[in-house]
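Derivation of every value follows stated rules applied to the coordinates shown; laboratory data play no part. No experiment lies behind these values; they were computed from the predicted model shown. In this analysis, Cβ positions are derived from the backbone assuming ideal geometry, glycine residues included, and neighbour counts consider all displayed protein chains.
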Amino acid sequence: MAATQDLGAKLDTLIRLMALQLIGERTGAEAITVLARAGLDNDMIADLVGTSVPTVRATLSRARREGGKR
């Protein structure tokens, strides 16, 4: 059980490092959109970007609406 938890923690760290590398210098809505496209959940995106889950949801909703207008 402890080995499984340790592996899970290491995978979580690896995912976070890769996500931060993926967004690079991007901030705000662009970073949120990139992380969502990469498959991260809203909780992790909020944590990585330093915002709240409702902000992530609103940003993604806005991006979907604006994407349909193009």
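Listed values, structure above:
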read-out: Theoretical gain in end-to-end length, A58 to R26 [0.36 nm per residue, Cα-Cα removed]; value: 9.7 nm
read-out: Label-point separation, L17 to E66 (7 Å along Cα→Cβ), nm; value: 3.3 nm
read-out: Dipole axis of the chain (+1 Lys, Arg; -1 Asp, Glu on Cβ), positive-most option in L17, S61, A31; value: S61
read-out: Computed [θ] at 222 nm, helices only, for the chain once each DSSP H run of length n ≥ 4 contributes -39500 (n - 2.57); value: -26500 deg cm²/dmol
read-out: Simple Cβ-charge dipole of the chain, Lys/Arg +1 and Asp/Glu -1, about Cα centre, in debye nearest 20; value: 500 debye
